[in-house]
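The structure appears right after this line, and notes come after that.
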Amino acid sequence: MNKERTKKAVLVVDDDPKSLKLLAAVLTQEGYRVITAQSGKHALETIKLEKPGFVLLDIMMPEMDGMETLNRIKAFDQDIPVAMVTALWDEDEAKRAFKAGAYEYITKPVDMEYLKLAVMANLFDVE
């Protein structure tokens, strides 16, 4: 797809360069404008400059983990949908993420078809 599907960007946040590159490539191939960040701090700086339409946020990151980043994103703007991504399913952590305002809790390896649907559901208003 050559045309961007939306003017709002998808922000992908992951400290692992391989995961970041893969997730960004899949979403770019789907026609989304993708911005990447390798830390929670960088993600917050990016969000202040350009409000993304969707955030895909890794939980396990050094310095500022995904949960703290989620809380700060929601304090800045409650309306930004955030999907948490993790290598390990943890029911208690998932509950905390949803309580903090996460839209989704996705385990790695990421089901790319499910991810595409989650992004599309948040970036397009169906009337």
field: Nearest-20 debye value, the chain charge dipole, Cβ charges on Lys, Arg, Asp, Glu
entry: 440 debye
Sequence-separation-based contact order of the chain, relative, with Cα cut under 8 Å and 6+ spacing, percent: 22 percent
Peptide ranges 35-42, 54-61, 114-121, 85-92 listed from the most packed, as the mean C-beta count within 10 angstrom indicates: 54-61, 35-42, 114-121, 85-92
- line: Between ALA75 and ASP16, Cβ-based FRET efficiency (R0 30 Å, step 0.05) works out to 0.70
statement: When the charge dipole of the stretch 1-112 is computed with +1 at the Cβ of Lys and Arg and -1 at the Cβ of Asp and Glu, the Cα pointing farthest to the positive end, of PHE54, GLY31, ALA102, is that of GLY31
field: Listed candidates (i) 0.93; (ii) 1.20; (iii) 1.00 - label of the one calculated as Rg/Rh (Cα atoms, Kirkwood Rh)
entry: (i)
statement: Restricting to lysines and to Cα separations under 22 Å from LYS95, and discarding same-chain partners fewer than 8 apart, the set is LYS74, LYS108
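Here, each number is a calculation from the coordinates, and none is a lab measurement. Since this is a predicted model, take the numbers as computed values, not measurements. Glycine gets a Cβ as well: all are built from the backbone with ideal geometry, and neighbour counts include every protein chain shown.
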